[in-house]
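This report refers to the structure that appears directly beneath it.
Quick note: the coordinates plus some simple rules give every number you see, no bench work behind them. Here the structure is a predicted model, which means the values were calculated and not measured. FYI the Cβ positions are ideal-geometry reconstructions off the backbone, even for glycines, and counts take in every protein chain you see.
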Amino acid sequence: MTESEFQEFIITLGYRYNEKSKTAFNTFEGFHNVIVFRENEGRYSMRLECSCDRAEDVQTVMKEIRTFHEQHKNYVSKAVLKHRFLEIELKMTIDSDLDKEQIRAMVHTITVLCKSGNLAPTCRVCARQRKTGVYVVGTELMPICDSCIARKRRLYEKRRDMFDKKRQNMPGGIVGALFGALLGGMLNVMLYQIVPVRGVWSVFVVVLSFGGFVVTGRRATKKSAVICEIISALVFILSEYVAMIMETAILIEREGGGIAVSESISITNSGLADTSVLMSVLPELIVGLVLMVAVGIVYLLKRIFTRPMKISKNLL
């Protein structure tokens with residue numbers, strides 16, 4: 001069964017299909033049934049969410065669900081109880097060619113079991129027994145009550161307005177990123193002389209670079225993240241070179257040779273020309289660059305998970 005065949009099949013069952021979330025849904029006696037087609041697993045599953053004020057009632061329903069599972073092992077994949085919140089998944093193997101009446105009977109049976117145990121439809125956000133609608137938040141289809149959806153819409157509009165009002169200033173952002181990276185590079189040089197931990201202080205370079213871009217560029221994007229990473233990498237390598245020169249200058253001074261910058265640069269350059277010396281420095285550079293990439297990944301993940309998600313109208 002393909003995705004298109006699943007759509008045709010599920011629509012004939014009286015379900016509605018949502019293209020964005022790639023899920024089908026229907027309401028039966030107040031309970032929202034959500035069916036997801038898993039083509040790679042060769043099955044499709046149904047999710048029904050509900051809760052109860054009394055844990056004893058939920059335990060009673062769970063026992064009945066387990067009994068139902070023993071009788072229909074091919075259909076029920078799991079029934080999870082967590083914080084008085086019950087989620088039931090049904091699986092229907094495509095190869096078994098289940099008829100429509102059998103699926104309707106299964107949905108009816110599960111719903112009756114929940115109602116007999118005093119369980120009621122539950123809002124996905126606040127987990128309270130309230131009348132809920134079906135909304136697409138981002139790409140996920142969710143049953144949400146009116147008060148929670150109103151709060152989500154206000155939050156979305158606030159974040160969207162804040163985002164739209166900020167126009168990115170790319171030249172200013174690049175200058176800020178460079179200034180921040182140079183400041184971080186200076187910290188890297190000074191801290192390396194105090195605590196010579198290999199590559200760890202590169203975090204200051206990339207964090208200050210991101211901060212500088214946000215301050216002067218007003219709005220950060222994926223493109224700006226790449227620019228900050230490149231600038232930070234170049235400044236970090238330069239700061240490591242300067243740290244080596246300073247370390248050489250300190251050794252010369254201790255030997256009584258005085259402070260000679262040109263001599264320190266010459267000795268450092270000749271040392272780097274030696275393959276063995278270069279290989280000893282390389283792990284430090286790799287550690288620093290890996291940490292900088294990790295900071296960039298965390299930044300991108302933060303943007304993805306904190307970005308305001310669009311909310312559809314009630315699909316019912």
- [ ] Once you have all Cα-Cα distances for region 1-158, histogram them in 5 Å bins from zero and send the whole-percent values.
- [x] 2, 8, 18, 21, 20, 15, 10, 4, 1, 0, 0
- [ ] Against the globular-protein guess of 2.2 N^0.38 Å, express the Cα radius of gyration of region 1-48 as a ratio, rounded to two decimals.
- [x] 1.08
- [ ] About the Cα centre of region 170-306, how large is the charge dipole given +1 on each Lys and Arg Cβ and -1 on each Asp and Glu Cβ? Please answer in debye to the nearest 20.
- [x] 1000 debye
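Size of the dipole of the chain about the Cα centre, Lys and Arg at +1 and Asp and Glu at -1 on the beta carbon, nothing else charged, in debye to 20?
1800 debye
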TODO: Please give the helix 55-71 orientation as an angle from the longest Cα principal axis of the chain, in degrees from 0 to 90, rounded to the nearest 10.
DONE: 80 degrees
- [ ] Taking only the C-alpha atoms, wrap a convex hull around the chain and report its volume per residue in Å³ as a whole number.
- [x] 213 Å³
TODO: Pop a pseudo-label 7 angstrom from the Cα along the beta-carbon direction at both Lys310 and Leu238 and give the gap in nm to one decimal.
DONE: 4.2 nm
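Enumerate by residue number the trypsin sites (Lys or Arg not before Pro) in region 97-149 meeting two conditions: DSSP loop (anything except H, G, I, E, B), and at most 11 other Cβ atoms within 10 Å of the site's Cβ. Show your work: numbers first, answer last.
Details: sites: Lys100, Arg104, Lys115, Arg124, Arg128, Arg130, Lys131; in loops: Arg124, Arg128, Arg130, Lys131.
When the trypsin sites (Lys or Arg not before Pro) of region 97-149 are filtered for loop state and at most 11 Cβ neighbours within 10 Å, Lys131 remain.
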- [ ] Set Lys and Arg Cβ to +1 and Asp and Glu Cβ to -1, take the dipole of the chain about its Cα centre, and tell me which of Met246, Val36, Ala120 lies farthest positive.
- [x] Ala120
Task: Those aspartates and glutamates that a straight Cα-Cα span of less than 15 Å connects to Lys78, excepting residues fewer than 8 apart in one chain - done: Glu49, Glu64, Glu70, Glu87, Glu89
- [ ] Write down the radius of gyration of region 178-297 and its Dmax, each obtained from C-alpha positions, in Å.
- [x] 15.7, 52
Open item on the list: Quick check on packing: order 247-254, 107-114, 177-184, 61-68 by the mean number of other C-beta atoms within 10 Å, highest mean leading.
Closed with: 177-184, 107-114, 61-68, 247-254
- [ ] For the pairs Lys63/Lys100; Lys91/Lys223; Lys131/Lys223; Lys115/Lys158; Lys82/Lys131; Lys223/Lys310, note any where the Cα-Cα span goes beyond 32 Å.
- [x] Lys91/Lys223; Lys131/Lys223; Lys115/Lys158
- [ ] Would you work out which of Ile174, Gly271, Leu191 lies farthest towards the positive end of the dipole of the chain? Charges go on Cβ: Lys and Arg +1, Asp and Glu -1.
- [x] Ile174
Open item on the list: Give me a comma-separated list of calculated 3J(HN,Hα) values for region 101-106, in order, Karplus coefficients 6.51, -1.76, 1.60 applied at θ = phi - 60°, integers in Hz, x for any Gly or Pro.
Closed with: 5, 5, 5, 4, 5, 5
Task: Cα-based helix-to-principal-axis angle, 261-273 vs the chain, degrees rounded to 10 - done: 60 degrees
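So which GluC sites (Glu not before Pro) in region 6-52 end up in coil per DSSP with only 12 or fewer other C-beta atoms within 10 Å? Provide the component values of the computation, followed by the final result.
On the way: sites: Glu8, Glu19, Glu29, Glu39, Glu41, Glu49; in loops: Glu19, Glu29.
The qualifying sites are Glu19, Glu29.
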Open item on the list: If neighbour count is taken as other Cβ atoms inside 10 Å, put Ser202, Ser266 in order from fewest to most.
Closed with: Ser266, Ser202
